[in-house]
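Below is one structure, written out as structure tokens, with a few remarks after it.
The values are calculated or read from the model by the stated rules, or taken from the named source; none is laboratory data. Note that the coordinates shown come from a computational prediction; the quantities given were computed from them, not determined experimentally. Using ideal geometry, Cβ is built from the backbone for each residue, glycine included, and neighbour counts are taken over all protein chains shown.
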Amino acid sequence: MRLYNTLTRKLEELSVHGNTVRMYVCGPTVYDFIHIGNARPLIVFDALRRCLEEQGYTVHYVQNITDVDDKIIRRAQQEGTSPEVLAERFAREYLEDLRALDVKEPTFSPRARGYVNQMIEVIEDLIAKGYAYVVDGDVYFSVGSFPDYGKLSGRVREEQEAGARVEVDERKRDPLDFALWKAAKPGEPKWPSPWGKGRPGWHTECVTMVLTLLGETVDIHAGGSDLIFPHHENELAQAEALTGKPLARIWLHNGMLTVEGEKMAKSLGNFAYVRGLVKRADGTGIYSPEAVRYFYLSRHWRKPLDFSADALREAEEAVERVYNLLSQAERFPERVPPPSAEPFLSFLREQRGRFQEELSADFNTPGALGVIQGIVGEGYRFQAQGGDPAALRLAARAVRELGRALGLFQKASYSPTVGLAEELLGLLTELRGELRKERQFPLADRIRDRLGELGIELRDGPQGTTWSVRRSGDVPDPRG
Ligand SMILES: [Zn+2]
């Protein structure tokens, strides 16, 4: 498989020693619910992992949880709670969202808090080798001591200064020097260290977990493109200064998410959490996890991805179209199709090859989804022309097998709605029908209007009343 490496700015063959791919994907800082931008690397790299597993690799997939960080401390202070309690709460919420998104559990989800001793060792080593220095209980990495600084992001010095939002600090040798260890302020989490009580910086947390859990050189280091600078640049600098070896063979960075063409921001009012978007067993959420996954994989992982209710609705329809064919085809028993079906079977073989080619070319998931939809389209045509059911059954099997590499089309059957919510809506619709029969129109209208406010549309027709979820509106913010 060839993948675009941020470090070399080239497509490169993924070269793995042995059969195990060691992969580190930066996880969230748990100070809030995760938002729809956070979901992109979770889904994209989960799909890459599944694809590699389908190819026969064992993937050692490590995704950390950042539970010691400035943002956590600030939010905890605002809420009058401790950083530990806040981080624990949002770590749990994050894991729940991962499950709702149907993301495979990482092989290991280390939390920064569990590796502070190892972080202190990394920092001691960097100081001993002359790459870091101590000032008043803080420890800084000296970027001047590492000539390769900037090679991952390709940023020149002025761009680095802009990207790092450098604060003026007279104690630092260079404004770009970044903190490896921060001396404790009152009310902050702290651990004893050779430099006094304090806590590790984010870049040191991640790189220490990489080195401790996966070794000096990982096969893939991945995250959102907003992490290239300074986070990954600073991880690389520490690791390579320390070991003299490349931290990662390939660096992957997914493109950013926009909402209806604009950057997503709380201040712009277009901010959305994963919670409230993805349907969950409790009946909340709008779209099925599979439609959400389909949406994220429908655009190449390096390109910007634009989020809109229309795009999600299209994904929902695309997924339903596939499952409809599966449910029709899988009613037939598997048997050897007659020779007359050979052209269709040879088409299927060809498409399996094309699917692999698409994924091997920089993990082109939109291309791979196009192949699946092509099989489905041909399947419908084949069926309409009275094609042999056993051949159609093989088309369904191809879709199932190919879909597995992306984490799609593995359910026995597909329902875009969740059971209980559906039943309750059915009940309300029925009651409203009774009220209308008894000419209690004000009450019946109130039910219709209130459901309308919730995005449920009722339609009265000759067969009775039907309901549907209006999907064209804004994505609601579940926290109001
Ligand atoms: Zn990281």
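For this structure, a couple of remarks:
Here's the yes/no breakdown for (1) within 30 Å of V274 (Cβ to Cβ); (2) at pLDDT 95 or above; (3) surrounded by fewer than 17 Cβ atoms within 10 Å (Cβ to Cβ):
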site	(1), (2), (3)
S298	yes, yes, yes
K303	yes, yes, yes
E314	yes, yes, yes
P343	no, yes, yes
E358	yes, yes, no
G367	yes, yes, yes
V371	yes, yes, no
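- Which numbered condition A87 misses (of (1) farther than 22 Å from G196 by Cα; (2) surrounded by fewer than 20 Cβ atoms within 10 Å (Cβ to Cβ); (3) within 16 Å of the ligand (Cβ to nearest atom)): (2)
- Scanning segment 185-203 for residues that are more than 16 Å from the ligand (Cβ to nearest atom), in a loop (DSSP other than H, G, I, E, B) and under 29 Å from G80 (Cβ atoms) yields K185, P186, G187, E188, P189, K190, P192, S193, G196, K197.
- Residue match in segment 246-268 (condition: without any contact (Cβ under 8 Å) to a residue 12 or more places away in the chain, within 19 Å of the chain's Cα centre (by Cα) and more than 16 Å from the ligand (Cβ to nearest atom)): yes
- So A239, is it within 16 Å of the ligand (Cβ to nearest atom) and in a strand (DSSP E or B): no
Residue-wise test of (1) over 25 Å from N64 (Cα atoms); (2) part of a loop (DSSP other than H, G, I, E, B); (3) modelled with pLDDT under 95.
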position: E93; (1), (2), (3): no, no, no
position: N117; (1), (2), (3): no, no, no
position: V122; (1), (2), (3): no, no, no
position: P147; (1), (2), (3): yes, yes, no
position: E170; (1), (2), (3): yes, yes, yes
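- The lone exception for G223 - which of (1) touching a residue at least 60 places away in the same chain (Cβ under 8 Å); (2) assigned to a helix (DSSP H, G or I); (3) within 12 Å of the ligand (Cβ to nearest atom) it fails: (2)
- Of the strands (runs of 3 or more DSSP E) lying entirely inside segment 245-318, those containing at least 1 residues that are farther than 23 Å from L406 by Cα span 248-254, 257-259.
Here is a yes/no grid of residues against (1) in contact (Cβ under 8 Å) with a residue 60 or more places away in the chain; (2) within 29 Å of G255 (Cβ to Cβ); (3) in contact with a helix residue (DSSP H, G or I) (Cβ under 9 Å, 6 or more places away or on another chain):
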| position | (1), (2), (3) |
| --- | --- |
| S346 | no, no, no |
| R352 | no, yes, yes |
| V371 | no, yes, yes |
| E378 | no, no, yes |
| A384 | no, no, no |
| L402 | no, yes, yes |
| L408 | yes, yes, yes |
| S413 | yes, no, yes |
| G426 | no, no, no |
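- Checked against the criterion of being in a loop (DSSP other than H, G, I, E, B), within 13 Å of the ligand (Cβ to nearest atom) and modelled with pLDDT of 95 or more, segment 204-220 contains not a single residue that satisfies it.
- Criterion violated by Q55 - all others in (1) farther than 21 Å from E235 by Cα; (2) of a type outside the set (A, V, I, L, M, F, W, C); (3) in contact with a helix residue (DSSP H, G or I) (Cβ under 8 Å, 6 or more places away or on another chain) satisfied: (3)
- Within segment 39-56, no residue satisfies the criterion of being in a loop (DSSP other than H, G, I, E, B) and within 13 Å of the ligand (Cβ to nearest atom).
- Residue check, G379 of a type outside the set (D, E, K, R), under 22 Å from the mean Cα position of the chain (by Cα) and in the same structural domain as W301 (by TED's automatic domain parsing): no
- Complete set of residues in segment 36-82 that are small (G, A, S) and either crowded, with 22+ Cβ neighbours inside 10 Å or touching a Cys at 6+ places or on another chain (Cβ under 6 Å) (or both): A39, A47
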